[in-house]
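S.K.: Before I ask anything, let me first share the structure, which is written out below as structure tokens.
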Amino acid sequence: MLSDMIGESRIALNAPVKTKEEAITLAGRLLYEDGKVELRYIDAMLELSRELGAYVVIAPGFALPHARPECGAKEAAFSVVTIKDGVSFGSKSNDPVRVVMALAAVDNQSHLTALSELSKFLQEQGSIEAIANSRTEREVVETLRAFEERNER
Amino acid sequence: MSLAEPVVIMTVCGAGVGSSLMIKMNVDELLQKHKIKGRVINSDIASAKTNTVDVVITSEDIYALIKSMDVKEVVILQNIVSMRELEEKLLPALGRVLGRDV
């Protein structure tokens, strides 16, 4: 379940980040401090971001930075960083980014369900805003849980 | 190509475990909904360049790096998770590959 892979300790709201590098680094540190990735995973994400530009911005205002599993991912997990006024990632159609969710994947399968849920969640009207405007970490997790319950029916 | 052969679709992203997987899941759903026989592979950039497929689906930034791919149709998505955008762009592309309306 998506909400299970996001621990409250891995959420940073209204982060004072000004660049995409800062946002990705913070999201990476949240994963690292919880033991989900090795330190080098953060560099790997930054590297991919440098090489591939705005490819991580998968929906309006939402970025999903991640790297290949062999670059230091230890456990499948997500971290969440929200940025009040958004940050530019260089995306022609989807900037500014207000929600950054870093993903640690350990293989091609374990995070499949979570990604599928995330994909559906992102397609719902107002879902990204709901996360971006959350005032507490718990609110973020609750928003996702509520979505999961709605979909289970 | 014969009508019995599945169309081969490749989704590409930077690391092969994020966007490409999400697109693949949506494509699988779309193919099932429209009863089209297809094989969907998700890949990272390095592997993408060495494959010959019918359709490639990716984002603008990634496509710039795999332009040399031997492919019949290219679908560029702005919103990676949008089923609606995928339908709008992929169905006509599939129609052209299969030589019929889908």
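S.K.: For A:Glu51 and A:Gln109, FRET efficiency with R0 = 22 Å and r from the beta-carbon atoms, rounded to 0.05? Don't jump to the answer; show the numbers that get you there.
M.R.: On the way: r = 26 Å, r/R0 = 1.16.
After rounding, the FRET efficiency stands at 0.30.
S.K.: Could you tell me the accessible area of B:Ile45 in Å² (1.4 Å probe, neighbours in place), rounded to the nearest ten?
M.R.: 20
S.K.: Related question: Summarise the partner chain shielding of A:91-98 as one whole number: the mean count of Cβ atoms from other chains within 10 Å of each residue's Cβ. Numbers along the way, then the final one.
M.R.: On the way: counts 4, 3, 4, 4, 0, 0, 0, 0.
The mean count of partner-chain Cβ atoms within 10 Å per residue comes to 2.
S.K.: Given a cut-off of under 8 Å on Cα pairs at least six residues apart, what relative contact order in percent is computed for segment A:60-101?
M.R.: On the way: 58 pairs, mean separation 23.3, N = 42.
RCO, segment A:60-101: 56 percent.
S.K.: Given a 1.4 Å probe and heavy atoms of the protein chains only, how would you sort A:Arg10, A:Arg29, largest accessible area at the top?
M.R.: Working: A:Arg10 15, A:Arg29 100 Å².
Sorted descending by solvent-accessible area, the residues read A:Arg29, A:Arg10.
S.K.: Check which residues have an amide H placed less than 5 Å from B:Ile41's amide H, if you skip close sequence neighbours.
M.R.: For B:Ile41, the qualifying residues are B:Ile9, B:Met10, B:Thr11.
S.K.: Which residues' amide hydrogens lie under 5 Å from the amide hydrogen of A:Leu13, considering only partners 5 or more residues apart or on another chain, with H built in the peptide plane?
M.R.: A:Thr82
S.K.: Still on this structure: Quick one: compute the contact order of chain B, relative version, from alpha carbon pairs under 8 angstrom and 6+ residues apart, as a percent. Can you show the working numbers first?
M.R.: Details: 171 pairs, mean separation 29.9, N = 102.
Dividing the mean separation by the residue count of chain B yields 29 percent.
S.K.: At B:His34 and A:Asp4, where each label point lies 7 Å from the Cα along Cα→Cβ, what is the point-to-point distance in nanometres?
M.R.: Spacing of the two 7 Å Cα→Cβ label points: 3.5 nm.
S.K.: Apply the Karplus curve 6.51 cos²θ - 1.76 cosθ + 1.60, θ = phi - 60°, to the phi angles in segment B:10-18 and return the couplings in whole Hz, x for Gly and Pro.
M.R.: Couplings: 10, 9, 10, 9, x, 10, x, 10, x Hz.
S.K.: So what is the 222 nm mean residue ellipticity for chain B from helices alone, if each DSSP H run of at least 4 adds -39500 (n - 2.57) and you divide by all residues, rounding to the nearest 500 deg cm²/dmol? Display every interim value, and only then the final one.
M.R.: Working: 4 runs with 43 residues, N = 102.
Per the formula, -12500 deg cm²/dmol.
S.K.: Name all residues of segment B:66-92 having a backbone nitrogen under 13 Å from the label point set 7 Å from the Cα of B:Lys49 along its Cα→Cβ direction, giving them as ranges.
M.R.: B:66-70
S.K.: Quick one: compute the contact order of chain A, relative version, from alpha carbon pairs under 8 angstrom and 6+ residues apart, as a percent. If you can, show how the numbers build up before the last one.
M.R.: On the way: 283 pairs, mean separation 44.2, N = 153.
Once divided by the residue count of chain A, the mean separation gives 29 percent.
S.K.: Right, another one. Calculate what fraction, in whole %, of the accessible area of chain B sits on carbon and sulfur atoms when a 1.4 Å probe is rolled over the protein chains. Write out the running numbers ahead of the final one.
M.R.: Numbers: 2230 of 4650 Å².
The computed percentage sits at 48.
S.K.: Heavy atoms only, probe 1.4 Å: what % of the accessible area of segment A:59-153 goes to carbon and sulfur, would you let me know?
M.R.: Numbers: 1940 of 4260 Å².
Carbon plus sulfur share of accessible area: 46 percent.
S.K.: Using mean Cβ contacts within 10 Å as the protection proxy, how do B:17-25, A:115-123 order, highest first?
M.R.: B:17-25, A:115-123
S.K.: Turning to a different aspect of this structure: Taking θ as phi - 60°, what are the ³J(HN,Hα) couplings along segment A:120-135 by the Karplus curve (6.51, -1.76, 1.60), each to the nearest whole Hz, with x for Gly and Pro?
M.R.: For segment A:120-135, the Karplus-derived couplings read 5, 4, 5, 7, 6, 4, x, 5, 5, 4, 4, 5, 4, 8, 4, 9 Hz, x marking Gly and Pro.
S.K.: Can you give the mean number of other chain Cβ atoms that lie within 10 Å of the Cβ atoms in peptide A:111-119? Mind dumping the intermediate values first?
M.R.: Working: counts 3, 5, 1, 0, 8, 5, 0, 3, 11.
Taking all residues of A:111-119 together, the mean is 4.
S.K.: Ok, one more. Hey, rough spin-label estimate for B:Glu85 and A:Glu142, points 7 angstrom out along Cα→Cβ, what's it come to in nanometres?
M.R.: The answer from the label model is 3.1 nm.
S.K.: I'd like the distance between the alpha-carbon centres of segment B:34-88 and segment A:121-144, rounded to an integer number of Å.
M.R.: First find each Cα centre; the distance between them is then 29 Å.
S.K.: Additional query: Counting only protein heavy atoms and rolling a 1.4 Å probe, how much accessible area do B and A lose on contact, total for both sides, in Å² to 100? All intermediate terms of the calculation are to be shown ahead of the outcome.
M.R.: Details: alone 5660 and 7730 Å², together 11450 Å².
Approximately 1900 Å² gets buried when B meets A.
S.K.: Measuring with a 1.4 Å probe in the full set of protein chains, what accessible area per residue, in whole Å², belongs to the protein assembly as shown?
M.R.: Values: 11450 Å² over 255 residues.
Value returned for the protein assembly as shown: 45 Å² of accessible area per residue.
S.K.: What are the ³J(HN,Hα) couplings of segment A:97-106, residue after residue, when phi is run through the Karplus curve with 6.51, -1.76, 1.60 and θ = phi - 60°? Round to Hz, x for glycine and proline.
M.R.: Along segment A:97-106, the couplings run 8, 10, 10, 10, 10, 7, 10, 10, 10, 9 Hz.
The values are calculated or read from the model by the stated rules, or taken from the named source; none is laboratory data. Please read these numbers as outputs of a predicted model, since none were measured by experiment. No Cβ is skipped: glycine too gets one built from the backbone with ideal geometry, and neighbour counts run over all protein chains shown. Just the protein is used for accessible areas: all its heavy atoms, side chains included, with ligands, DNA and RNA removed. Shrake-Rupley method; radii C 1.70, N 1.55, O 1.52, S 1.80 Å.
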